[in-house]
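Participant: Below is the structure I would like to discuss, written out as structure tokens.
The values are calculated or read from the model by the stated rules, or taken from the named source; none is laboratory data. No experiment lies behind these values; they were computed from the predicted model shown. Here the Cβ positions follow ideal geometry from the backbone for every residue, glycine too, while neighbour counts run over all protein chains shown.
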Amino acid sequence: MSTPIIIAKKTTDTTQDIVLHSKFANRHGLIAGATGTGKTVTLKVLAESFSRLGIPVFLADAKGDVSSLAKAGSSSPKFEERLNLLKVDSVAFAASPVIFWDLFGQQGHPIRTTISEIGPLLLARMLNLNDTQEGVLSAVFRIADDQGLLLIDFKDLKSMLSYVSAHTSELKAEYGNLSPASIGAIQRNLLALGDQGGEQFFGEPSLNILDFIQTDSNGHGYINILAADKLMNTPKLYATFLLWMLSELFEQLPEVGDMDKPKLVFFFDEAHLLFDNASPALQQKIEQVVRLIRSKGIGIYFITQNPLDLPESVLGQLGNRIQHALRAFTPKDQKAVKTAADTFRANPDFKVDQAITELAVGEALISCLDEQGTPQIVERGWVMPPYSSFNPITVEERQVIIAQSIVAGIYDQAVDRDSAYEMLQNKVAEREQQKQQAELEKQQLKEQEAAEKQQLKEQERLAREQQRAEEKAAQQRAKMTQDIVGTFAKSAARSLGGSSGQKIVRGLLGSLFGK
Ligand SMILES: Nc1ncnc2c1ncn2[C@@H]1O[C@H](COP(=O)(O)OP(=O)(O)OP(=O)(O)O)[C@@H](O)[C@H]1O
Ligand SMILES: [Mg+2]
């Protein structure tokens, strides 16, 4: 069953509620208005109301003031005055269940993702790459993929870039021209991102986005608060990360039919940052995600000073609108007021463009989808008071909440498993080892050859010595025979004459030595 969420009381008659229907909360929304007009308080009122209905929320805390959602409110004379104005008797002050997150891991549980999960398109945006460089980065991703190298953290990407840079000519046939200038630019920009602290965003355990979608024991949705004060200094990084979260939600959640309430509401503060200098490809992708994600039960609420900061195609998709005061000092302001007014369904009771400039703090022009899903005519109303405090929580209070959180211990410690960096390192080490082995074998062969040569020489020497000894012995023997046979043999032989005489001599000698 759809539940009406009271977000404001009509200015002209505070007994009348202005409501947002829970079943259309996934039709997205807009909170706009100049500085100090009440956008953050409105965001808190919506977030608390969703949480109480069991709808988990994600939001980025740009100034640290949203952390007050974790602290119950309290009364004050000013607060009582406002209650009287709204004809509200009392407020059931309460804290909402929150989970603090922080990309830098200081003000909340660290949020990490892997290089491959971010993908070349978003990474190219984080690194401020031009089209050519983006093309090279995409090729680097494909090469890693084809070679079975995991891209998890910064050093994986760094070593992958060095690898590609050293093998451009071999890779050219398959992956096209990988210009050293482009690789160099990517490497430099990666270093710059590292200087901004970007190194710690990439690694494991990477965020399981479904951890955003949880309820507490009271059935209240958790409000996930991303510390974004430091992150806002690098607007592209901030916008890209939030976009990545949206695309993760989109990819991981199944299609759902019409639901009584969304699965998660995602508030995108400083939403103009998302579209500043976005390439047409990226802008198209954002529009697509916004259009399709609602069928997965996700509502996106953009918060920005001026609704004209958002492209038409996105603005046209925002069903629930809360417009706080705009200034109309310059002609440009006046044009913005006029355009903002034109986006509403007119109310015959007042002039919308005039009202926008007159609204008080905490007052707004509101148009939500009615029970049939069509935009209601615009109403002027006082936004309800929040249940939580107006004061941010202290550092100590935050630490206690972090320590007791339902995701405590899951993300706090980074792990570093074998991926491209380690594998490429191994490859180098392996090659080195192979080289050493080959060298060793060559040396051994050389030594063996030398040894064999030496042996041969020795054998020849021995053979020569033996021959010499034999010759000497033969000479001696010959001499001895001469002595033994003496003159008589000679004479006998001589007397026998011819060849037969020689034979007898041999026979005589043989018998002599044979004994
Ligand atoms: N609904 C409300 N009920 C009571 N007080 C409010 C309400 N809305 C705004 N205020 C008062 O106005 C102050 C400024 O509001 P808020 O911080 O929401 O402005 P903002 O539009 O977010 O400004 P910025 O653009 O600077 O972030 C609050 O601190 C609070 O005192
Ligand atoms: Mg604010």
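Participant: So, in segment 35-74, of the ones that are among the polar types (S, T, N, Q) and farther than 26 Å from L103 by Cβ, which residue ends up nearest to ligand 1 (Cβ to nearest atom)?
Facilitator: T37
Participant: So which residues in segment 163-179 are surrounded by 13 or more Cβ atoms within 10 Å (Cβ to Cβ) and in a helix (DSSP H, G or I)?
Facilitator: Y163, V164, S165, T168, L171, Y175 - these are the residues of segment 163-179 that are surrounded by 13 or more Cβ atoms within 10 Å (Cβ to Cβ) and in a helix (DSSP H, G or I).
Participant: Then there is this: Considering only segment 50-90, state which residues are among the acidic types (D, E) and either surrounded by 15 or more Cβ atoms within 10 Å (Cβ to Cβ) or on the phi > 0 side of the Ramachandran plot (or both).
Facilitator: Once the filter is applied, which keeps residues that are among the acidic types (D, E) and either surrounded by 15 or more Cβ atoms within 10 Å (Cβ to Cβ) or on the phi > 0 side of the Ramachandran plot (or both), segment 50-90 yields D61, D65.
Participant: Related question: Any residue that is of a type in the set (S, T, N, Q), over 19 Å from V19 (Cα atoms) and free of Cβ contacts under 8 Å to residues at least 40 places away in the same chain - is there at least one of those in segment 356-374?
Facilitator: Looking for residues that are of a type in the set (S, T, N, Q), over 19 Å from V19 (Cα atoms) and free of Cβ contacts under 8 Å to residues at least 40 places away in the same chain, one finds at least one in segment 356-374, hence yes.
Participant: So, one more: For a quick check of your reading of the model, give me the residue pairs whose first member lies in segment 57-76 and is farther than 25 Å from W244 by Cα and within 12 Å of ligand 2 (Cβ to nearest atom), whose second is in a loop (DSSP other than H, G, I, E, B) and among the small types (G, A, S), with beta-carbon atoms closer than 6 Å and at least 6 apart or on different chains.
Facilitator: Close Cβ pairs (under 6 Å, with a partner that is in a loop (DSSP other than H, G, I, E, B) and among the small types (G, A, S)) amount to S68/S389.
Participant: Collect the residues in segment 93-150 that are of a type in the set (G, A, S) and not in a helix (DSSP H, G or I), keeping them in residue-number order.
Facilitator: Listed by number, the residues that qualify are A94, A95, S96, G105, G108, G148.
Participant: Counting only residues that are hydroxyl-bearing (S, T, Y), in contact with a strand residue (DSSP E or B) (Cβ under 8 Å, 6 or more places away or on another chain) and within 30 Å of S138 (Cβ to Cβ), how many does segment 85-125 have?
Facilitator: Going through segment 85-125 one residue at a time, the tally reaches 2.
Participant: A further question follows. Give all pairs with beta carbons closer than 9 Å in which a residue from segment 22-46 that is more than 23 Å from R294 (Cα to Cα) meets a residue that is charged (D, E, K, R) and more than 9 Å from ligand 1 (Cβ to nearest atom); count only pairs at least 6 apart in sequence or on separate chains.
Facilitator: From segment 22-46, the pairs are A34/R327.
Participant: Further question on the same structure: Which members of segment 383-405 meet the condition of being assigned to a loop (DSSP other than H, G, I, E, B), loosely packed, with under 13 Cβ neighbours inside 10 Å and more than 16 Å from ligand 2 (Cβ to nearest atom)?
Facilitator: T394
Participant: Among the listed residues G64, G33, G119, G54, identify the single one that is over 17 Å from F212 (Cα atoms) and modelled with pLDDT of 95 or more.
Facilitator: None of the others qualify; the one that does is G33.
Participant: On to the next question. Can you name every residue in segment 3-45 that is within 16 Å of ligand 2 (Cβ to nearest atom), within 12 Å of G381 (Cβ to Cβ) and part of a loop (DSSP other than H, G, I, E, B)?
Facilitator: Hit for segment 3-45 is G38, nothing else.
Participant: Please specify each residue of segment 265-299 satisfying the condition of being closer than 13 Å to T240 by Cα, in a helix (DSSP H, G or I) and away from ligand 1 (no atom under 16 Å from the Cβ).
Facilitator: L274, F275, L282, Q283, K285, I286
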